[in-house]
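Visitor: For reference, the structure I am asking about is given below.
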Amino acid sequence: MTRTEPSLAGALLDRRYRVEDLIARGGMSSVYRGVDTRLDRPVAVKVMDSRFAGDRSFVDRFEREARAAARLHHPHVVAVHDQGFDTSADPENPRAFLVMELVNGGTLRDLINERGRLDVPLALTVAEQVSSALAAAHAAGLVHRDIKPENVLIGRGGDTGGVVKVADFGLVRAAASAGTTSANIILGTVAYLSPEQVATGTTTARSDIYSTGILLYEMLTGRVPYSGDTALSVAYRHVNDDVPAPSTVVPGIPAALDDLVLRATRRDAEARPADAAKFLAELRRVKAELGVRTATIPVATPPDAPRISRSVPAEDDSELTVPAIPAITEHSGPGPRGTQALPRAMVETSGHLGPPQAEPPTASPRRRPPLAVLALVVLVLLGGVGAGVWWFSAGRYVDVPSVAGLSREEAETALRQAELTPVFTEERHNTAPAGTVIRSEPDSGSRALQGDEVTVVLSLGKPVVPDVRAGASVEEAERAIRAMQLEPRVDAEADAYDAEVPEGAVVTLTPKPGTQANVGDTVTIVRSKGPPPTPVPDVSGMSRDEAFQALRNAGFEPFEAGKEFSPNVQAGHVVRTDPEQGSTPEPGSRVGVFVSNAVEVPSVVGRQAKKAVRILREAGFKVEAEKSRGPVSFVIEQSPDGGTLAEPGSTVTLSVIP
């Protein structure tokens, strides 16, 4: 007989946390709604079952859970605020408890039970937020190990709809410190267990990817891929069967989405994405390829009855958590759904998981039929109850009609005839003509309550690169581009100088405004680098002072870098600059000026040789002259010629007579 844990409602834990209503009860702990009396805020309090209080190893595991979960700070992870021990019931055996963020809303299981399969935008939006949470966990070295709809909470997020919060990191273990569970026990929920968890107990980030793939499959089809009468039969199929494509169950699911699910659920772990960050990138790529926008997540109404635990027959040696009054839905597949603890001996046979043995049928004793009159009364009563059950479970639901391709007026008529309320929104689309319906949310074939709102997405046609004014901020440009369902990009290499647009503001877009594009195309924002830099002016041939003034006028700081010979520039005039003319250094840069040291060669032809030599030497030249053959000689030729420019210290050759 199952033992019931006494309620803690009304207790004050650690002189701070007041316990209120029971929210859920599992095999190892109970979760209550509570209040942090110090901060006056609502919280969820998870209290370990009293029968484990004396188990040191279990207490240690509970503490590890707190530390592991507290390391994660992410908008899609249920936050852990505190951890402690309650001694009010038994000071010798204190009960551990966790204080967590209270998420008001329901679970993904509630949403699937309520709606059946989810439409593609909603399924991808939920999977994206779950993967984002897991990416943070994997980056911190943590593996969840029990991803399932019951652990995906959907809290109320105001005007933006529900927000996904991944809960119960109670089975996580630091991936860096250990890779397996106990050698003899498999922990997890059998419908979502990866093949390696079943076969060897190995648990890595890729195991979470597999479970997320099964989760996405269930959202798209309304059921898990494998079901069976026992946990063992389901585990067998995880190891030996390939997960089928979702489109084999729901025709019309895009091939890219099939591929995403199949890649996440490969039996070979190495063939899956390495971690949630990589899977998230693939999911977002598929989402962009399909032109799927982020959907508003509805918050399902959770069942009134708290979840309680029950034990399955001893030969199954497992424990699962189920709702006290399970929801009935035509989309739910049979088979065990809660967290399982399977003995490995049941699933290992010479390294291969064999098919489960059929269980012998059990005879159910038959009772004699009651009196005819009593039977008639019972039948009448059952008929009334059956009608009520039909109304509250199925009678209130209608099928969402197909409105894709219709005009606004046609879609509104079809939905109102189905007793649904249309709500219209618009978005860009690559192929749907403007004014026609792209899709509905929920999509056609889904079940909805009579009177429910159905979002009808109308096409605005293909996106067009927006006309963003020159001088606008980058943020303005990004908003305008995203409004067209295009992706803005800022690239420093594409930035350009502009004399009129301030530095950092938008000059233009590439492709140019008005260009037709596809949803998700990239538009580059060209930013201004400010006025174009002034080039170094050509000051060659100017005097030193003239050159310095010209450089200052151009915004540079000139300095004399040295002397340099040029046969074409007079002494004291500029030969060149460094940086050279035409280059564009930063305003205010120093520019070196090289001044010519050329000397004009004196003309000495016709002069007496001795006097000619003296003149040339005084001018700074060396002289080579023919030896005079008489008392007086005259220069008849010189090289270089007089009047030319030569380098100081160079040689002038003279020819003399006699």
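FYI, it's all coordinate maths here, none of it is from the lab. Everything quoted here is computed from the prediction, not taken from an experiment. Glycine also receives a Cβ, built like all others from the backbone with ideal geometry; neighbour counts cover every protein chain displayed.
Visitor: Points 7 angstrom from Cα along the Cβ direction at Arg285 and Ile657: gap in nanometres?
Guide: 9.3
Visitor: Among rounded, prolate and oblate, which fits segment 544-597 when a ≥ b ≥ c are the square roots of the eigenvalues of its C-alpha gyration tensor, a/c under 1.5 means rounded, and a/b larger than b/c means prolate? Before the final figure, lay out each step's value.
Guide: Values: a/c = 2.31, a/b = 1.87, b/c = 1.24.
Cα axes put segment 544-597 in the prolate bin.
Visitor: Hey, can you rank 642-653, 438-449 by average C-beta count inside 10 Å, highest first?
Guide: 438-449, 642-653
Visitor: Give me the number: length gained by fully extending Thr455 to Arg629, i.e. 0.36 nm times residue separation minus the C-alpha to C-alpha distance, one decimal in nm.
Guide: Contour length minus Cα-Cα distance gives 50.8 nm.
Visitor: Ordered by packing density, taken as the mean number of other Cβ atoms within 10 Å over each peptide's residues, highest first, how do 116-124, 488-496, 403-411, 561-569 rank?
Guide: Ranking the peptides 116-124, 488-496, 403-411, 561-569 by packing returns 116-124, 403-411, 561-569, 488-496.
Visitor: Roughly how big is segment 400-459's charge dipole about its Cα centre, with Cβ charges of +1 (Lys, Arg) and -1 (Asp, Glu), in debye to the nearest 20?
Guide: Using only the charged Cβ atoms, the result is roughly 120 debye.
Visitor: In straight Cα distance, which aspartates and glutamates are under 14 Å from Lys512, not counting same-chain residues fewer than 8 positions off?
Guide: List returned: Asp467, Asp521.
Visitor: So how much slack lies between Arg41 and Ala70, counting 0.36 nm per residue of separation and subtracting their Cα-Cα distance, in nm?
Guide: 8.6 nm
Visitor: Give me the one-decimal nm value for the distance between modelled label points at Ala404 and Ala434, 7 Å along each residue's Cα-to-Cβ direction.
Guide: Each label point is offset 7 Å from its Cα along the Cβ direction, giving 2.3 nm.
Visitor: Still on this structure: Taking Lys563 as the anchor, which aspartates and glutamates have their alpha carbon closer than 20 Å to its alpha carbon, excluding any fewer than eight residues away along the same chain?
Guide: Correct list for Lys563: Asp538, Asp545, Glu546, Asp578, Glu580, Glu600, Glu647.
Visitor: Take peptides 43-50, 143-150 and line them up by average Cβ neighbours within 10 Å, highest first, as a rough protection proxy.
Guide: Top of the packing list down: 143-150, 43-50.
Visitor: Quick one: Cα centre-to-centre distance for segment 514-550 and segment 595-658, in angstrom?
Guide: Rounded to whole Å, the Cα centres lie 52 Å apart.
Visitor: Which lysines, on any chain, are close to Lys627 with Cα under 20 Å apart, when same-chain ones fewer than 8 places away are left out?
Guide: Within reach: Lys610, Lys611.
Visitor: Estimate the FRET efficiency between Ala140 and Arg479 by the formula 1/(1 + (r/R0)^6), using the beta-carbon distance for r and 25 Å for R0, to the nearest 0.05.
Guide: Details: r = 33 Å, r/R0 = 1.33.
Calculated value: 0.15.
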